[in-house]
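Note sheet for the following structure.
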Amino acid sequence: MSIFSFIFGCQIQNSNIKVLEPAEFKNQISNHSVQLIDVRTADEYKSGHINNAKNIDFLSSSFVYKINKLNKKKPVYVYCKSGNRSNKASKQLAELGFTEIYDLKGGFLNWRE
């Protein structure tokens, strides 16, 4: 959280983050070799996930370490169960220097294969 948002209690939308509807998200990940990250827990991931998604648990102490192994210059697509954790993860990715971040609106609950 930036000092501005802390003092004024508002969230500033990061222009590097785009929230995509499921159809657009699916279209973009199917047409490219992308960095697709499932930020749910390992158990949630095992119960079902989007094909080719890499599981990097946002709640894990190793999240930042594992995320930093990704290519910051390539687009990153993230999702969680409902969109809450992926929203927080997207903000953290932006803070870490990722420039093109796509978040699945409504998360895996909103996904239709």
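Read-outs: derived from the displayed coordinates by stated rules, not from any lab. What you see is a predicted model; the values in this text were computed from it and never measured. Backbone-built Cβ (ideal geometry, glycine too); neighbour counts: all protein chains shown.
Excluding the sites themselves, what is the longest stretch of the chain that contains no trypsin sites (Lys or Arg not before Pro) in a DSSP loop with at most 11 other C-beta atoms within 10 Å?
The reported range is 1-68.
Counting Lys and Arg as +1 and Asp and Glu as -1, what is the net charge of the other residues whose Cβ lies under 14 Å from the Cβ of Ser82?
+2
Determine the dipole magnitude for the stretch 15-110: charges of +1 sit on the beta-carbon of Lys and Arg, -1 on that of Asp and Glu, nothing else is charged, the reference point is the Cα centre, and the result goes in debye to the nearest 20.
In debye, rounded to 20, the stretch 15-110 gives about 200.
Can you work out the Karplus-derived ³J(HN,Hα) for every residue in the stretch 100-112? Use 6.51 cos²θ - 1.76 cosθ + 1.60 with θ = phi - 60°, whole Hz, and x for glycine or proline.
Ordered by residue, 3J(HN,Hα) equals 9, 10, 10, 10, 6, 4, x, x, 5, 4, 9, 7, 10 Hz.
Give me P(r) over the stretch 15-110, computed from all C-alpha to C-alpha distances, binned every 5 Å, as integer percentages.
Whole-percent P(r) values from 0 Å outward: 3, 15, 29, 28, 19, 6, 0.
What is the sum of charges, Lys and Arg at +1 and Asp and Glu at -1, for the other residues whose Cβ falls under 10 Å from the Cβ of Ile56?
Values: positive: Arg40, Lys54, Lys66, Lys69; negative: Asp38, Asp57.
Spelling it out: positives minus negatives among the neighbours equals +2.
Test of understanding: what is the full-extension gain from Ser82 to Glu21, defined as 0.36 nm times their sequence separation minus their Cα-Cα distance? The partial results should precede the final answer.
Working: separation 61, 0.36 × 61 = 21.96 nm, distance 1.26 nm.
Fully extending the segment from Ser82 to Glu21 adds 20.7 nm.
Take the residue pairs Lys46/Lys72; Lys46/Lys73; Lys46/Lys81; Lys46/Lys105; Lys18/Lys81; Lys69/Lys105 and return only those whose Cα atoms are more than 23 Å apart.
Lys46/Lys72; Lys46/Lys73; Lys69/Lys105
Relative contact order (percent) for the stretch 16-57, with alpha-carbon contacts under 8 angstrom and 6 or more residues of separation? Kindly include the intermediate steps, with their values, before the conclusion.
Details: 29 pairs, mean separation 15.5, N = 42.
In percent, rounded to a whole number, it is 37.
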